[in-house]
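The values are calculated or read from the model by the stated rules, or taken from the named source; none is laboratory data. Keep in mind that what you see is a predicted model, and the values were worked out from it rather than measured. Using ideal geometry, Cβ is built from the backbone for each residue, glycine included, and neighbour counts are taken over all protein chains shown.
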Amino acid sequence: MGSEQQVPTRGAGAATFASWLVHAYTASGVVLAFLTVIAVMDGDIERALWLGLATMVVDGTDGMLARFVQVKRWVPWFDGALLDNIVDYLTYVFTPMVLLWSAGYLGEGTSATVLAAIPLVASAYQFCRVDAKTDDHLFLGFPSYWNIAAFYVIVLDLRPTSVAVLLMVCAVLVFVPIGYVYPSRTTTLQRPTLALTALWLVSYAVLLTQVPDPGVVWLAISLAYVVYYVVLSLYLTARRSRATPQVA
């Protein structure tokens, strides 16, 4: 018998459909970004921040769903990573700057526009780096968490000078080769990190219900997670540095 036997792919149709559902789930982030801009235009800062929470939930779960469904196997010609980057830039970078600029947290006039532009340009550079995510699943350089920065600016009602310092420091850190934890993929302490990330999301929601007077307990829980994230990131960066062979 010279003919090759075809190996049936059972459930291929359902798997392909599931893959497209995951891509659609990721793409919902652009709709959330659009709704966030509308909320900003309406002057509804709290609604904008609630939508920001929704985008983080989507971003934090779509990758796990994509790997579970094996989207690259069933829809190999569609670049889900590129779609994710487009969504992330809009939701993590662009809309937070629109929010801070529109709400007056960046000051007024040309200086406010320039300050908003700096994170936009810095993150545009970062999103185009081929090494933005390391082989051991860390973000290299400040991972464009401008939405989180905007959240704390608003919850803590920071003055424009403080906001300017915060944004400039984070913009500089984009170019500093520190490895930052990728909560859903970094293997070291992954389970406690995921649990603490979930708790942080809860604290985000609770603090939004308490604005403009955030409770001390939930604010402490929220900021404790930030400290944990930074400390773990610095530890992993130091460990990577020690493991890298030194060139004589």
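If we scan the range 141-149, do we find a residue that is of a type in the set (A, V, I, L, M, F, W, C), crowded, with 19+ Cβ neighbours inside 10 Å and part of a loop (DSSP other than H, G, I, E, B)? The answer is yes; a qualifying residue exists.
Taking every residue in the range 85-99 that is hydroxyl-bearing (Ser, Thr, Tyr) and pairing it with any residue that is surrounded by fewer than 21 Cβ atoms within 10 Å (Cβ to Cβ) and not in a helix (DSSP H, G or I), at least 6 positions away or on another chain, the pairs with Cβ-Cβ distances below 7 Å are 92/145.
Applying the set (1) closer than 29 Å to residue 103 by Cβ; (2) under 15 Å from the mean Cα position of the chain (by Cα); (3) not hydrophobic (A, V, I, L, M, F, W, C) to residue 185 leaves exactly one unmet item: (1). Are any of the residues in the range 212-219 within 18 Å of the chain's Cα centre (by Cα), surrounded by 15 or more Cβ atoms within 10 Å (Cβ to Cβ) and modelled with pLDDT of 95 or more? No; the residues of the range 212-219 include none that is within 18 Å of the chain's Cα centre (by Cα), surrounded by 15 or more Cβ atoms within 10 Å (Cβ to Cβ) and modelled with pLDDT of 95 or more. The set of residues from the range 126-148 being of a type in the set (Ser, Thr, Tyr) and within 25 Å of residue 160 (Cβ to Cβ) comprises 144, 145.
In this structure, residue 45 qualifies as touching a helix residue (DSSP H, G or I) at 6+ places or on another chain (Cβ under 8 Å) and at pLDDT 95 or above. The set of residues from the range 150-165 being in a helix (DSSP H, G or I), loosely packed, with under 15 Cβ neighbours inside 10 Å and not hydroxyl-bearing (Ser, Thr, Tyr) comprises just one member, 165.
Every residue, every condition in (1) touching a Pro at 6+ places or on another chain (Cβ under 9 Å); (2) among the aromatic types (Phe, Trp, Tyr); (3) in a helix (DSSP H, G or I), yes or no:
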| residue | (1), (2), (3) |
| --- | --- |
| 171 | yes, no, yes |
| 177 | no, no, no |
| 186 | no, no, no |
| 195 | no, no, yes |
| 200 | no, yes, yes |
| 204 | no, yes, yes |
| 207 | yes, no, yes |
| 220 | no, no, yes |
| 230 | no, no, yes |
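Somewhere in the range 72-83, is a residue assigned to a helix (DSSP H, G or I), at pLDDT 95 or above and either touching a strand residue (DSSP E or B) at 6+ places or on another chain (Cβ under 8 Å) or surrounded by 19 or more Cβ atoms within 10 Å (Cβ to Cβ) (or both)? No, every residue in the range 72-83 fails to be assigned to a helix (DSSP H, G or I), at pLDDT 95 or above and either touching a strand residue (DSSP E or B) at 6+ places or on another chain (Cβ under 8 Å) or surrounded by 19 or more Cβ atoms within 10 Å (Cβ to Cβ) (or both). The listed residues are 236, 196, and the only one of them that is touching a strand residue (DSSP E or B) at 6+ places or on another chain (Cβ under 8 Å), in contact (Cβ under 8 Å) with a residue 12 or more places away in the chain, surrounded by 15 or more Cβ atoms within 10 Å (Cβ to Cβ) and farther than 17 Å from residue 151 by Cα turns out to be 236. Taken over the range 25-45, the criterion of being of a type outside the set (Val, Ile, Thr) and assigned to a helix (DSSP H, G or I) is satisfied by 25, 27, 28, 29, 32, 33, 34, 35, 39, 41. With the structure loaded, tell me whether residue 172 is out of contact with any helix residue (DSSP H, G or I) (no Cβ under 8 Å at 6 or more places or on another chain), under 19 Å from residue 234 (Cα atoms) and either surrounded by 21 or more Cβ atoms within 10 Å (Cβ to Cβ) or among the hydrophobic types (A, V, I, L, M, F, W, C) (or both) or whether it fails that test. Answer is yes for this residue.
Looking only at the range 89-140, which residues are of a type in the set (S, T, N, Q) and either assigned to a strand (DSSP E or B) or farther than 30 Å from residue 243 by Cβ (or both)?
91, 95, 102, 110, 111, 113
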